[in-house]
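Take a look at the structure below.
The values are calculated or read from the model by the stated rules, or taken from the named source; none is laboratory data. Because the structure is a prediction, the values reported are computed rather than measured. So basically every Cβ, Gly included, is an ideal-geometry build from the backbone, and we count neighbours across all protein chains shown. Just the protein is used for accessible areas: all its heavy atoms, side chains included, with ligands, DNA and RNA removed. Shrake-Rupley method; radii C 1.70, N 1.55, O 1.52, S 1.80 Å.
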There are 2 protein chains.
Amino acid sequence: MAKANVKEQIVSTSLDLLHSKGFNATSVQDITDAAGVRKGSFYNHFTSKEALGLEVVQRYLAAVGELAAVLHDGTLAPRARLQQYFERMIAGNAANDFHCGCLLGNFSTELSNQIPAMRSAIQQAFAGSAAVMAAVIAEGQRDGSIRSSVPAAELAAFVNDAWQGAVLRTKAEQSREPLDRFARMMLDIILS
Amino acid sequence: MAKANVKEQIVSTSLDLLHSKGFNATSVQDITDAAGVRKGSFYNHFTSKEALGLEVVQRYLAAVGELAAVLHDGTLAPRARLQQYFERMIAGNAANDFHCGCLLGNFSTELSNQIPAMRSAIQQAFAGSAAVMAAVIAEGQRDGSIRSSVPAAELAAFVNDAWQGAVLRTKAEQSREPLDRFARMMLDIILS
């Protein structure tokens with residue numbers, strides 16, 4: 001396998017493994033076995049499992065970013081953008097039978113107290129996501145379709161936090177109900 | 001150390017270690033070293049680290065149950081009971097500088113896809129907590145102090161989910177702000 005392909009194979013395999021099993025439950029050996037590459041080749045590409053973990057987070061964020069493109073779709077009303085974004089995120093959870101949760105949420109609980117560079121990456125990702133959502137909410141507040149009694153940034157941060165809680169519960173329950181409940185409460189109560 | 005004391009020493013030490021470092025990042029050796037007991041003695045008391053983890057969850061739930069006693073305090077109005085309960089839970093997070101999160105939430109993301117017995121224990125704990133909260137909310141709906149446009153069980157489940165999200169974010173941010181935001185949104189918007 002060419003060198004670039006080995007690295008790509010390790011990252012894409014690790015995204016699945018770390019998302020489904022978690023960081024500490026997955027060894028470098030698990031990763032190289034699953035990727036079908038020699039264990040020694042891992043350290044040609046990554047200085048540590050932590051370095052790989054940081055790259056996997058960026059890969060995950062790129063995938064979520066594609067789902068989040070709808071938040072920038074000016075042909076849709078602000079509420080519809082938020083609704084469709086979370087419908088896509090729920091479909092993403094359905095694709096793994098609600099067993100894996102959100103990689104960022106998983107790493108928040110497992111690693112943010114253990115790996116400072118991971119905590120920084122997670123904080124940046126959450127801040128970026130909240131900023132995009134706050135802009136959509138502010139637009140809805142201006143056109144009167146979203147509650148204006150709470151600042152857009154506060155609503156966006158709370159919606160993001162509550163989403164993480166819903167995903168955590170969905171993983172614990174292995175059921176979509178917490179995600180559907182989140183969507184109902186967001187649309188009918190929090191934003192309305 | 002007497003046999004009962006060794007077991008107690010292992011459980012209480014493990015509660016701290018598993019809460020702060022996580023399950024998979026903590027080895028049996030870490031636990032016996034921190035507890036000051038021989039490694040071999042661990043298996044006199046526990047068939048596996050998983051069995052210890054289940055006992056640690058019950059110990060954690062007993063501690064949370066003490067904080068939750070206020071939810072049963074009939075001398076307080078329903079909203080005040082909920083407010084004081086979450087104030088106590090926030091103080092619990094403050095006691096570890098917002099670094100540890102909720103043990104149930106941590107294990108939900110780290111273990112519910114890995115250890116079926118742990119997933120069952122977590123599901124039971126969440127269901128029990130939601131039932132107690134639903135009863136308080138239903139009482140507030142009857143006296144008109146809590147929104148009645150959403151069934152008490154749905155409100156309670158959402159409040160519990162959103163709390164887990166707030167705690168997850170608090171751990172990622174190592175800041176109390178997500179917990180204060182949760183309390184504001186719960187009292188001013190979700191229940192009102």
Residue by residue through the range B:67-75, the couplings from Karplus 6.51 cos²θ - 1.76 cosθ + 1.60 with θ = phi - 60°, in Hz, x for Gly and Pro, are 5, 7, 4, 4, 5, 9, 7, x, 7
Carbon/sulfur fraction of accessible area - the protein assembly as shown, other protein chains in place, 1.4 Å, %:
51 percent
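Return one whole number: the accessible area per residue of chain A in Å², for a 1.4 Å probe.
Numbers: 7660 Å² over 192 residues.
I get 40 Å² per residue for this part.
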What are the ³J(HN,Hα) couplings of the range A:123-138, residue after residue, when phi is run through the Karplus curve with 6.51, -1.76, 1.60 and θ = phi - 60°? Round to Hz, x for glycine and proline.
4, 4, 5, 5, 5, x, 5, 5, 5, 4, 5, 4, 5, 5, 5, 4
Probe radius 1.4 Å, ligands and nucleic acids left out: can you give me the accessible area buried at the A-B interface, summed over both chains, in Å² to the nearest hundred?
3900 Å²
Sort shortest first the distances from residue B:188 to its counterpart in every other copy, using label points 7 Å along the Cα-to-beta-carbon line, and give them in nm.
2.4
Buried by at least 20 Å² relative to the chain on its own: which residues of the range B:166-192 qualify, computing accessible area with a 1.4 Å probe on protein heavy atoms?
B:168, B:169, B:171, B:172, B:173, B:174, B:181, B:184, B:185, B:189, B:190
What ranking of A:98, B:107 comes out by heavy-atom accessible area, probe 1.4 Å, highest first?
A:98, B:107
What whole-number distance in Å separates the alpha-carbon centres of the range B:1-80 and the range A:72-106?
36 Å
Reach of residue B:7 by Cα under 29 Å, taken over lysines that are not fewer than 8 positions away in the same chain
B:21, B:39, B:49
Could you give P(r) for the protein assembly as shown, binned at 20 Å from zero, as whole percent values over all Cα-Cα pairs?
27, 56, 16, 1
Candidates A:47, A:13, A:170, ranked by Gaussian network fluctuation over chain A, Cα under 10 Å, top entry:
A:47
The range A:47-124: mean projected area of Cα convex hull, nm²
6.0 nm²
How large is the helix-only mean residue ellipticity at 222 nm for chain A, computed as the sum of -39500 (n - 2.57) over DSSP H runs with n ≥ 4, divided by its residue count, in deg cm²/dmol to the nearest 500?
-23500 deg cm²/dmol
Simple label model, 7 Å out from Cα along Cβ direction - residue B:48 to residue B:153, nm:
3.3 nm
A correct Karplus calculation of ³J(HN,Hα) over the range A:174-180, with 6.51 cos²θ - 1.76 cosθ + 1.60, θ = phi - 60°, whole Hz and x for Gly and Pro, returns 6, 8, 7, 3, x, 6, 5
For label points placed 7 Å from Cα toward Cβ, what is the shortest-first list of nm distances from residue A:99 to its copies?
3.5
Kirkwood-Stokes translational diffusion coefficient of chain B, alpha-carbon pairs, 25 °C, 0.890 mPa s, µm²/s:
138 µm²/s
Neighbours of residue A:67 by Cβ distance under 15 Å: Lys/Arg at +1, Asp/Glu at -1, summed charge 0
Taking Cα centroids, how far is the range B:175-190 from the range A:118-192 in Å?
13 Å
Run the label-point distances for residue A:28 please: 7 Å along Cα to Cβ, every other copy, nanometres, shortest first.
2.5
Can you give me the long-range amide H partners of residue A:191? Hydrogens built in the peptide plane at 1.01 Å from N, cutoff under 5 Å, separation of 5 or more residues or another chain.
none
Rolling a 1.4 angstrom probe over the protein chains, ignoring ligands and nucleic acids, what is the accessible area of residue B:54 in square angstrom, nearest 10?
50 Å²
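Determine the relative contact order of the range B:54-190: mean sequence separation of Cα pairs under 8 Å and six or more apart, normalised by residue count, in whole percent. Please report the intermediate quantities before stating the final value.
On the way: 118 pairs, mean separation 39.0, N = 137.
Here the relative contact order equals 28 percent.
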When you have a sec, figure out the Kirkwood radius of the range B:1-46 from all distinct Cα pair distances and drop it here in Å to one decimal?
10.4 Å
